[in-house]
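Read-outs throughout are calculated quantities, based only on the coordinates presented, and are distinct from any laboratory measurement. This one's a predicted model, so the numbers in the text were calculated from it and none came from an experiment. No Cβ is skipped: glycine too gets one built from the backbone with ideal geometry, and neighbour counts run over all protein chains shown.
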Amino acid sequence: MSNYKTMTAEEAASLIENGQTIGFSGFTPAGAAKAIPKAIADKARAEHEAGRDFKIGVVTGASTGQSLDGELALADAISWRTPYQSNKDLRRSINEGRTRFFDMHLSAMQQTIRYGFLGDFQWAVIEACDVTEDGKISSLGSLSEQCETGPLIDSIPDMFSSTNDFISSSSLRSSDVITVEYEKIYDAHWRVRDAQLNDRTIPDDIIPGIVSERHYGFNWIIGYCGQDWDEISTDT
């Protein structure tokens, strides 16, 4: 991270101006941006209290959650929104005519943006687990997103070949990054089991199998209870 400029969420929000369009990363609440949207919402409230207009255009990969759509809607900070939303606070803003919304099939988003139909984007906000020294962004993806195994093929050693180079070139994420992601997956797994035990609907942004497998992997990484790989438990 030393090669890249860092700033707080509030400093980032201060750069955003009324009427600008922002592309936010994320697919469902698990992968949606969390820190900067809240800071933008706080700025919007301050601008409104001072008698100045402040609203932005918001474009995402799909639905987000309270941390993004909810926070910005409650601050009356969204002028228009696409392609999809599922947040009650934003829905209220849309129905009351404070936010313009147009639904779009997710498969059409990339071409629509690339062809310029949505106008210029001034900023992109991407939530990531880590940024490597050479600028690669690491993200675990959402808890409703199946792992795409194709890109892994060239990275994994062939069967019966030496794994020495593969192991020596690998590096472990920082303990801070691992802790943050572990807490997310633990909380998600608890929500799944709570819903199952109490006969409630499992949140739409979570696929139980993905949560279970990811929790299993994290418990192995952190050495949970000193358990071997074949004996890992996923207590909640």
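Just for the chain, what percent of DSSP beta bridges are antiparallel, to the closest 5? Before the final figure, lay out the partial values.
On the way: 2 of 14 bridges.
Among the beta bridges of the chain, antiparallel pairing accounts for roughly 15 percent.
In this structure the amide hydrogen of Asn87, modeled in the peptide plane, comes within under 5 Å of no amide hydrogen from residues 5 or more places off or on another chain. Each pair of Cα atoms in the chain enters the Kirkwood radius, and Stokes-Einstein at 25 °C and 0.890 mPa s then converts it into a translational diffusion coefficient of 122 µm²/s. Would you please give the FRET efficiency between Phe121 and Ser14, computed as 1/(1 + (r/R0)^6) with r the Cβ-Cβ distance and R0 = 22 Å, to the nearest 0.05? Step by step, r from the Cβ atoms, then E = 0.75. Placing R0 at 35 angstrom, the Cβ-Cβ distance between Ile137 and Asp194 gives a FRET efficiency of 0.65 after rounding to 0.05. Name the shape class, rounded, prolate or oblate, that the alpha-carbon gyration tensor gives for the range 1-61, where a ≥ b ≥ c are the square roots of its eigenvalues, rounded holds for a/c under 1.5, and otherwise prolate holds if a/b is larger than b/c and oblate otherwise. It comes out oblate by the Cα gyration axes.
With each label modelled as a point 7 angstrom along the Cα→C-beta vector, the Arg114-Asp176 pair spans 3.7 nm. Sparsely packed loop sites in the range 67-103 (the trypsin sites (Lys or Arg not before Pro) outside DSSP H, G, I, E and B with at most 15 other Cβ atoms within 10 Å) comprise Arg98. For the chain, modelled as a GNM whose springs connect Cα atoms under 10 angstrom apart, the maximal fluctuation among Ile221, Ile94, Ile206 occurs at Ile221. When you filter the trypsin sites (Lys or Arg not before Pro) in the range 172-236 for DSSP loop state and at most 12 other Cβ atoms inside 10 Å of their Cβ, you are left with Arg200.
In order along the range 74-84, the phi-based Karplus estimate (6.51 cos²θ - 1.76 cosθ + 1.60, θ = phi - 60°) of 3J(HN,Hα) comes to 5, 8, 6, 10, 10, 7, 8, 8, 7, x, 7 Hz; Gly and Pro are listed as x.
Please list, by residue number, every one of the chymotrypsin sites (Phe, Trp or Tyr not before Pro) in the range 1-75 that is coil in DSSP and has at most 14 other beta-carbon atoms within 10 Å.
Numbers: sites: Tyr4, Phe24, Phe27, Phe54; in loops: Tyr4, Phe27, Phe54.
Of the chymotrypsin sites (Phe, Trp or Tyr not before Pro), the ones in loops of the range 1-75 whose Cβ has at most 14 other Cβ atoms within 10 Å are Tyr4.
What does the C-alpha gyration tensor say about the overall shape of the range 1-114? Classify as rounded when a/c is under 1.5, otherwise prolate if a/b is larger than b/c, or oblate. List each step's numbers first, then the result.
On the way: a/c = 1.66, a/b = 1.10, b/c = 1.51.
Oblate, since a/c reaches 1.5 and b/c is not below a/b.
With the helix formula -39500 (n - 2.57) applied to DSSP H stretches of n ≥ 4, the chain reaches a computed 222 nm mean residue ellipticity of -10000 deg cm²/dmol. If R0 is taken as 41 Å, the Cβ-Cβ distance between Ala46 and Ile221 corresponds to a FRET efficiency of 0.50. Spatially close Lys pairs in the chain, defined by Cα atoms under 29 Å apart and a spacing of eight or more places or different chains, total 21.
Computed over the chain, relative contact order equals 17 percent, with contacts defined as Cα pairs under 8 Å that lie 6+ residues apart. Of the candidates Ile167, Ile22, Ile222, which one comes out as most mobile in a Gaussian network treatment of the chain with C-alpha springs shorter than 10 Å? Taking springs between Cα atoms under 10 Å, the residue moving most is Ile167.
Build a GNM of the chain with springs between Cα atoms under 10 Å apart, and of Asp205, Asp176, Asp165 the one that fluctuates most is Asp165.
From the residues Met104, Trp123, Ser162, which one has its Cα farthest along the dipole of the chain in the positive direction, the dipole being from +1 and -1 charges on Cβ of Lys/Arg and Asp/Glu about the Cα centre? The listed residue farthest towards the positive side: Met104.
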